[in-house]
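Asker: Please read through the structure below; I'll follow up with questions.
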Amino acid sequence: MEKTKKTILAVDDTETNIDIMLELLGEKYDVIVALEGYTALEIVKENRVDLILLDIMMPKMDGYEVCRRLKSDESTLNIPIIFITAMSDEKSIEIAYEAGGDDYISKPFKPLELLARINTQLKLKELIEHLNYISSHDEMTKIYNRRKFFELGEKRFEENSENMYAVMIDIDKFKNINDTFGHPAGDKVIRLMAKTVSKLLLDDAIFARIGGEEFAILCSYPSHEVAAQSMEKIREAVEDLEVTSDDGKSIKFTISQGISKRTQETKNLDELLKIADVGLYEAKHLGRNRVVFK
Ligand SMILES: [Mg+2]
């Protein structure tokens, strides 16, 4: 069953404050508590936390520092942080926002105000997550879109130079499929093809729809042979697929692929993809439904 309750982490070195928050929030939310900053950071690493209520004055590590660390880590940066503190001077508030805090409430807080602000921050977080999703995924196939492919791919290219391969894929004679069976059938072909390829790739592969019927993969394999075999397996799997048009006709389709391997001379991702594209062009020229390694 899907979890419906959101999880709030309450961080305060005074136990009475924690008790008040538990009393107020315990029914509506799952509340995890931490009495100091380091514990809070550990908890965030190991649990899905939707929002953090953070005290400022704490021994060892203060709330500002906890906030800075969470906001500088990509995996925790989107968790809203509301400072709840007795420090209500303007300077403290300024530092809290500079540290990356999303909201600020002075103690003693008004319960209904705190609940309302929590609600607002949770709604904002959901909206941001939704926007992030739609700006990075292809609507039809749910795999990455072109923009996200280049964002992730360029990062991967910087970080990792070992055994990197790029693959360009194109659905053969796709225009014919659309013209003969209609666009809904063409869409089915694209969706099924993307789903099939996704399943056959390793978890760390970056797979995206980069154009109408064009796809790209950035992946690692231990050797040239394994990379080629894996793409051959994908080609065969697609060849076995079948979709049915709206008027009940069976449609078979194939893909062509070009693969390139990154070498010491490969300057950037664009170049790696261009070489794969040359392979793709050759695969088309040689009669389609094949893999060409460049
Ligand atoms: Mg304190």
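Asker: How many residues does segment 50-72 hold that are part of a loop (DSSP other than H, G, I, E, B), in contact with a helix residue (DSSP H, G or I) (Cβ under 7 Å, 6 or more places away or on another chain) and more than 12 Å from the ligand (Cβ to nearest atom)?
Answerer: Result for segment 50-72: 1.
Asker: Right, something else. Looking at segment 10-47, which of its residues are under 32 Å from the mean Cα position of the chain (by Cα), away from the ligand (no atom under 15 Å from the Cβ) and either polar (S, T, N, Q) or under 18 Å from Ser106 (Cα atoms) (or both)?
Answerer: The answer is Leu25, Asn47.
Asker: Can I ask one more? Between Ala276, Ala237, Ala227, which is surrounded by 15 or more Cβ atoms within 10 Å (Cβ to Cβ), under 19 Å from Leu192 (Cα atoms) and either under 27 Å from the mean Cα position of the chain (by Cα) or assigned by TED's automatic domain parsing to the domain that holds Arg156 (or both)?
Answerer: Ala237 is the lone residue from the list that is surrounded by 15 or more Cβ atoms within 10 Å (Cβ to Cβ), under 19 Å from Leu192 (Cα atoms) and either under 27 Å from the mean Cα position of the chain (by Cα) or assigned by TED's automatic domain parsing to the domain that holds Arg156 (or both).
Asker: Name every residue in segment 26-54 that is under 19 Å from Ala86 (Cβ atoms) and touching a strand residue (DSSP E or B) at 6+ places or on another chain (Cβ under 6 Å), in order of residue number. Break it down stepwise before answering.
Answerer: Narrowing segment 26-54 to residues under 19 Å from Ala86 (Cβ atoms): 33-37, 40, 52-54.
Val33, Ala34, Ala40, Ile52, Leu53, Leu54, listed by residue number.
Asker: How many of the residues in segment 73-106 are surrounded by fewer than 16 Cβ atoms within 10 Å (Cβ to Cβ) and within 16 Å of the ligand (Cβ to nearest atom)?
Answerer: The qualifying residues number 4.
Asker: On to the next question. Only one of (1) over 25 Å from the mean Cα position of the chain (by Cα); (2) buried (at least 18 other Cβ atoms within 10 Å of the Cβ) is not met by Tyr221, so which one is it?
Answerer: Condition (1) is where Tyr221 drops out.
Asker: From the list Glu113, Glu129, which residue is within 30 Å of Met193 (Cβ to Cβ) and either under 13 Å from the mean Cα position of the chain (by Cα) or surrounded by fewer than 13 Cβ atoms within 10 Å (Cβ to Cβ) (or both)?
Answerer: Glu129
Asker: Could you list, in sequence order, all residues of segment 178-205 that are in a helix (DSSP H, G or I) and aliphatic (A, V, I, L, M)?
Answerer: Ala185, Val189, Ile190, Leu192, Met193, Ala194, Val197, Leu200
Asker: Could you say which residue among Asp13, Asp55 is at pLDDT 95 or above, buried (at least 20 other Cβ atoms within 10 Å of the Cβ) and among the charged types (D, E, K, R)?
Answerer: Sole residue among the options that is at pLDDT 95 or above, buried (at least 20 other Cβ atoms within 10 Å of the Cβ) and among the charged types (D, E, K, R): Asp55.
Asker: Tell me, yes or no, whether segment 164-179 has at least one residue that is closer than 18 Å to Arg290 by Cα and basic (Lys, Arg).
Answerer: Taking every residue of segment 164-179 in turn, at least one turns out to be closer than 18 Å to Arg290 by Cα and basic (Lys, Arg).
Asker: Test Thr39 against the criterion of being surrounded by fewer than 18 Cβ atoms within 10 Å (Cβ to Cβ), among the polar types (S, T, N, Q) and closer than 14 Å to Cys67 by Cα, and give yes or no.
Answerer: Working: surrounded by fewer than 18 Cβ atoms within 10 Å (Cβ to Cβ): yes; among the polar types (S, T, N, Q): yes; closer than 14 Å to Cys67 by Cα: yes.
The answer is yes for Thr39.
Asker: Look at Pro111 and say whether it is touching a residue at least 12 places away in the same chain (Cβ under 8 Å), over 16 Å from Leu9 (Cβ atoms) and more than 16 Å from the ligand (Cβ to nearest atom). First the steps, then the outcome.
Answerer: On the way: touching a residue at least 12 places away in the same chain (Cβ under 8 Å): yes; over 16 Å from Leu9 (Cβ atoms): yes; more than 16 Å from the ligand (Cβ to nearest atom): yes.
The answer is yes for Pro111.
Asker: Let me ask another. Being in contact (Cβ under 8 Å) with a residue 12 or more places away in the chain and either outside any loop (DSSP other than H, G, I, E, B) or not assigned by TED's automatic domain parsing to the domain that holds Val167 (or both) is the filter here, so list the residues in segment 245-273 that pass it.
Answerer: Ile251, Ile255, Ser256, Gln257, Gly258, Ile259, Ser260, Lys261, Leu269, Leu272, Leu273
The values are calculated or read from the model by the stated rules, or taken from the named source; none is laboratory data. On a predicted model such as this, the values are computed, not experimentally measured, just so you know. Don't worry about glycine lacking a Cβ; one is built from the backbone with ideal geometry, like all the others, and counts go over all protein chains shown.
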